[in-house]
Amino acid sequence: MAKNYYDILGIKKTATADEIKSAYRKLAKKYHPDMFTNASDAEKKEAEVKFKEVNHAYEVLSDDQKRKVYDTYGDENGPQPGAGFGGAGGAGGFGFDVDDIFSTIFNGFGGGGSARAKNPNAPHRGQDIFKNISLTFEEAVFGVQKLVTIKRVENCPHCAGTGAKDGKAFKVCPQCNGRGKVTQSQRTPFGTINTEGVCPSCKGAGRIITEKCPLCAGHGRKEQAREIKVNIPAGIDAGQRITYQGEGHNGVNGGEKGSLVIEVSIAPHKLFKRNGADILMDLPLSFVDATLGCTMTIPTLYGDYDIKIPEGTQSGTVIKVKNMGVKKLRSNDKGDMQVKVVVEIPKSITHEQKELLKKLGDSFEDKQFPNQKAFNAKR
């Protein structure tokens with residue numbers, strides 16, 4: 001009995017194709033080997049098992065015909081010897097979904113299912129490879145070219161992915177006579193139903209390898225380490241992805257290659273923070289400079305820049321510097337730099353300074369401190 005593929009993907013039996021694909025992508029990324037580079041051997045092994053389960057469950061449920069067979073019999077290969085009435089359903093005490101039984105009968109009694117059975121020799125797209133790379137703040141702002149190392153499953157060059165020596169050492173499967181399918185009969189509450197399933201001897205290939213390829217030991221595919229050059233565009237932000245078509249795992253039976261998906265993380269900067277295309281920076285300022293006003297030279301991503309601090313600038317005031325932010329993706333425009341003034345008050349002063357501040361305080365009028373005056377009026 002096959003595992004419950006719906007439970008593996010965490011979806012309901014009524015899930016749509018888009019829901020199946022969405023669930024698969026999340027789990028494939030979660031359990032992908034690239035996400036367990038620094039994990040323990042036990043964690044890697046568990047993730048490998050989960051990853052294979054998720055991929056197989058998706059392979060079955062994403063194929064309409066194979067999903068139909070699985071929903072009817074509890075196995076994507078159709079009824080199994082000795083399986084009786086056990087299936088993925090449960091109606092009527094026979095483990096069948098009645099709708100699936102009628103669908104099987106009226107879509108071709110006595111082998112009519114062959115038109116719907118999945119062809120194991122059909123091309124299948126290769127799996128995607130997920131890779132996270134870390135950038136400095138400046139690399140994300142200005143863009144950079146990186147070399148990333150990936151492990152990619154590729155077709156064996158000696159046997160062209162067939163698994164047979166020189167790609168030719170085959171014989172016709174004696175069980176299915178090269179058809180790749182065999183007919184099986186199963187008793188149901190409505191009589192005997194003949195269905196076609198994948199040949200167990202050749203796994204649907206219609207031929208059997210007589211001599212394995214010595215390079216890949218008959219697997220037809222090998223894992224290879226590859227260095228891929230990736231271009232990180234200026235202005236990319238943390239969590240964004242870049243997809244390189246055709247740089248993922250090789251497909252099966254001539255299917256297209258998967259993609260390499262690069263996800264970006266960005267190291268923090270000691271002075272700057274980012275909000276979209278804007279750069280944020282705190283500017284410490286003495287209460288004297290904030291009161292009298294001054295010109296300050298500040299660092300930016302593009303070099304030093306002078307900004308004017310008006311007289312009486314309050315702590316928390318934000319001064320905008322146009323076009324000193326990050327270049328926007330797919331645009332030549334830049335964001336701004338938002339400079340937040342943080343007025344500093346000395347924590348300790350001399351006796352002489354205290355006297356001077358008292359005299360200065362006595363010289364002020366109430367109108368020069370409107371907020372304090374309004375607060376005192378409410379007390």
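Summarising the label geometry, the points placed 7 Å from Cα in the beta-carbon direction at E138 and Q353 lie 3.6 nm from one another.
Averaged per residue, the chain has 60 square angstrom of accessible surface, using a 1.4 angstrom probe with ligands and nucleic acids left out.
In this structure the amide hydrogen of K340, modeled in the peptide plane, comes within under 5 Å of the amide hydrogens of M281, D282, L283, I319, none closer than 5 places in sequence on its chain. Taking N as the residue count of region 160-274, its C-alpha radius of gyration divided by 2.2 N^0.38 Å amounts to 1.80.
Let me know the Kirkwood hydrodynamic radius for the chain, please, with Cα pairs as the basis and the value in Å to one decimal.
27.2 Å
Just the number, please: carbon plus sulfur as a percent of the accessible area of the chain, 1.4 Å probe, no ligands or DNA/RNA counted.
Working: 11380 of 22840 Å².
With neighbouring chains kept in place, the figure for the chain is 50 percent.
For the residue pairs K273/K320; K50/K165; K12/K68; K212/K257, alpha carbon separations beyond 21 Å are given by K50/K165; K212/K257.
Suppose the Debye formula is applied to equal point scatterers at every Cα of region 278-379; what is log10 I(q)/I(0) at q = 0.18, 0.20, 0.24 Å⁻¹? Each listed q maps to, in turn, -0.95, -1.07, -1.28. For region 1-72, the alpha-carbon radius of gyration amounts to 1.17 times the rule-of-thumb value 2.2 N^0.38 Å expected for a compact globular protein.
Placing a pseudo-label 7 Å from each Cα along the Cα-to-Cβ vector at N38 and K3 gives an inter-label distance of 2.8 nm.
Summary value for the chain: 14 percent relative contact order, contacts being C-alpha pairs under 8 angstrom separated by 6+ residues.
The values are calculated or read from the model by the stated rules, or taken from the named source; none is laboratory data. Predicted model, so just to flag it, every value in this text is computed and none were measured. All Cβ positions, even for glycine, are placed from backbone atoms using ideal geometry, and neighbour counts span all protein chains on display. Ligands, DNA and RNA are excluded from the accessible area calculation, which covers all protein heavy atoms including side chains. Shrake-Rupley method; radii C 1.70, N 1.55, O 1.52, S 1.80 Å.
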